[in-house]
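Written below as structure tokens is the structure these notes are about.
The values are calculated or read from the model by the stated rules, or taken from the named source; none is laboratory data. It should be emphasised that the depicted structure is a prediction, and the values quoted were computed from it without experimental measurement. Quick reminder, even Gly has a Cβ in these numbers, built from the backbone with ideal geometry, and neighbours come from all protein chains shown. Accessible surface areas use protein heavy atoms only, side chains included; no ligands, DNA or RNA. Shrake-Rupley method; radii C 1.70, N 1.55, O 1.52, S 1.80 Å.
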Amino acid sequence: MGHAQKLERYGPYTIVRPETQAMGSPHLSKDIWDRADAIFSGDLEEEGPGRWRYPEPLGETWETHWDGIRFLGRFTAFRHVGFFPEQAAHWQWMDHQLRSAFLGRPPRVLNLFGYSGIASLVAARAGAEVTHVDASKKAVAYGKENQMLAGLDDKPIRWIVDDAMKFVQREIRRGNVYDGILLDPPKFGRGPKGRGLAAVRNAARNARRLPPDPVKGGALLHAHILCHASLLCRL
């Protein structure tokens with residue numbers, strides 16, 4: 001990393017993307033950076049639009065995997081690649097928590113702002129019944145596509161297109177309970193009617209009001225992720 005950019009490898013591809021925290025000069029030579037398969041340029045804001053440049057033609061998606069779970073990476077207009085690799089530590093921790101829960105029944109997990117569904121797939125593979133919520137129809141479609149590619153289409157995942165805050169409020173009224181709640185709101189996300197980060201924080205507060213299942217005295221995992229670095233907090 002360096003000069004406000006990062007060089008990443010995903011399977012056969014090397015990719016250059018903006019990174020404001022990449023200060024100083026790169027350790028690798030300019031020749032290696034120049035051989036990247038895809039370079040993103042455009043708005044420096046996290047969710048700002050931009051474009052990809054390909055020295056050689058590439059498709060929009062490519063197959064990748066984590067811990068045996070196959071899914072698609074993709075070149076998006078907002079410099080993302082269809083998943084967030086820095087969250088791998090969270091997936092691993094969640095997988096362990098779910099497999100060691102021993103509740104006598106499948107754990108129930110609510111994944112808010114679920115995006116392309118990698119965390120939902122990890123949870124479902126570990127034995128959880130997952131409710132995946134995202135306001136973007138496109139993101140939910142990505143998640144369903146990833147579920148099929150991973151060979152996990154027989155796992156219980158409810159894919160729901162909805163505003164996270166409204167969905168949580170309805171779940172509270174219904175009295176529905178979850179053993180684990182995941183929140184991964186976008187840093188510059190916008191909800192319906194242009195609601196920004198304040199709405200995201202309200203959704204997080206409402207999610208805390210969802211009663212955990214009383215088995216074993218409480219929720220087995222709460223991941224509350226509000227910063228770009230995806231800091232994991234036990235709540």
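Heavy-atom accessible area for residue 93, with the other protein chains in place and a 1.4 Å probe, reaches approximately 60 Å². Placing a label point 7 Å from the Cα of residue 170 along the Cα-to-Cβ direction, the residues of the stretch 129-149 whose backbone N falls under 20 Å from that point are 129-144. 3J(HN,Hα) along the stretch 148-159: 5, 4, 6, x, 10, 5, 8, 8, x, 10, 8, 9 Hz, from the Karplus curve 6.51 cos²θ - 1.76 cosθ + 1.60 with θ = phi - 60°, whole Hz, x for Gly and Pro. Note on residue 100: accessible area approximately 50 square angstrom, rounded to 10, probe 1.4 Å, nucleic acids and ligands left out. The apolar share of the surface of the stretch 52-128, taken as the fraction of accessible area on carbon and sulfur atoms (1.4 Å probe, ligands and nucleic acids excluded), comes to 54 percent.
Full extension of the chain between residue 3 and residue 60 yields a length gain of 17.9 nm, computed as 0.36 nm times the residue separation minus the alpha carbon distance. Taking amide hydrogens as placed 1.01 Å from N in the peptide plane, the amide H of residue 178 sits under 5 Å from those of 213, each at least 5 positions away in sequence or on another chain. The solvent-accessible area of residue 3, taken with every protein chain present and a 1.4 Å probe, is close to 120 Å².
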